[in-house]
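Input: one structure, supplied below.
Every number here is computed from the coordinates shown, using simple stated rules; none is lab data. Since the structure is predicted, the reported quantities are computational estimates derived from the model, not experimental observations. Virtual Cβ from ideal backbone geometry, glycine too; neighbours counted across all protein chains shown.
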Amino acid sequence: MSEEKKVLNNEELASANGGYGEGSGFYMTVGNCNGSYLALRPQPLWDQYNEIARLYPGYQVFTYGAMQNGTGLNGTPCTYRYVNFNGIWGWANASFLY
């Protein structure tokens, strides 16, 4: 069962981001991902089979700041940030965003 890639329009932004207003967003940059890429995921957890997009160091993502605790590789606890890349919303490991 695969996750659909949901693309949001301007009217949907505020509700999708849990009250974060449409005008209060900001950009973040993908940092060093241990020589690899940062995966944009449909849920805030590491899952090798579910990637919406691959974010490479230097890429810019848009966010309203929403964060959620989840799990990373090997079940390690980590925090995810809800971000938009090329019109697609998903969760990215906050450790690699600045």
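What does the highest-first list of 53-59, 79-85, 69-75 look like by mean Cβ count within 10 Å?
Order by mean packing, descending: 79-85, 53-59, 69-75.
Next up: Counting only Cα atoms, I'd like the Rg/Rh figure for segment 24-96, Kirkwood definition for Rh. Could the numbers behind the result be given before it?
Details: Rg = 11.1 Å, Rh = 12.0 Å.
With Rg and the Kirkwood Rh in hand, the quotient comes to 0.92.
Continuing with the same structure: Give me the distance in nm between label points sitting 7 Å out from Cα along the Cα-to-Cβ direction at S95 and Y27, one decimal.
For the pair S95/Y27, the computed spacing is 2.6 nm.
Roughly speaking, what is the stretch gain from Y37 to N86, that is 0.36 nm per residue apart minus the C-alpha to C-alpha distance, in nm to one decimal?
Stretched fully, the Y37-N86 segment lengthens by 16.0 nm.
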